[in-house]
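This report concerns only the one structure given below.
The values are calculated or read from the model by the stated rules, or taken from the named source; none is laboratory data. Computed from a prediction, not measured in an experiment: that's the story for all the values here. Note: ideal-geometry Cβ built from the backbone for every residue, glycine included; neighbour counts use all protein chains shown.
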Amino acid sequence: MAKYLMQASYGAQGVQGLIQGGGSSRVAAVEALVQQMGGTLEVVYFSFGDSDVIGICDMPDNVSAVAISLAVNASGVINAKVTPLITPEELDAAAKKVPSYTPPG
């Protein structure tokens with residue numbers, strides 16, 4: 001399975017939900033969503049700044065990860081983004097495949 005970084009920012013309605021239900025209830029909801037798509041939730045942290053919540057999960061494929069992003073963003077109360085994480089070994093393999101390239105100009 002591949003790892004994904006999930007970052008999200010809550011809108012006003014989402015913040016109200018956090019105030020009422022707390023962070024643990026949201027972690028449980030995210031974990032259930034990830035498991036429903038065949039993945040596992042590794043960790044979740046709440047933060048302040050650009051993202052209100054950050055998580056790392058293992059998902060079976062890109063399609064499953066994007067499906068979660070679509071479901072969460074369709075709610076309208078949270079703006080989420082999902083970023084695939086690349087292992088050092090995957091980067092090593094990619095570096096060995098780099099083709100020659102001539103930039104424009």
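Given the structure, is Ile54 surrounded by 14 or more Cβ atoms within 10 Å (Cβ to Cβ) and out of contact with any helix residue (DSSP H, G or I) (no Cβ under 9 Å at 6 or more places or on another chain)? Let's see the steps before the verdict.
Details: surrounded by 14 or more Cβ atoms within 10 Å (Cβ to Cβ): yes; out of contact with any helix residue (DSSP H, G or I) (no Cβ under 9 Å at 6 or more places or on another chain): yes.
For Ile54, the condition - surrounded by 14 or more Cβ atoms within 10 Å (Cβ to Cβ) and out of contact with any helix residue (DSSP H, G or I) (no Cβ under 9 Å at 6 or more places or on another chain) - is met.
Each row is one residue, and each column tells you yes or no for (1) at pLDDT below 95; (2) buried (at least 16 other Cβ atoms within 10 Å of the Cβ); (3) hydrophobic (A, V, I, L, M, F, W, C).
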site	(1), (2), (3)
Tyr4	no, yes, no
Ala8	no, yes, yes
Gly76	yes, no, no
Thr83	no, no, no
Gly105	yes, no, no
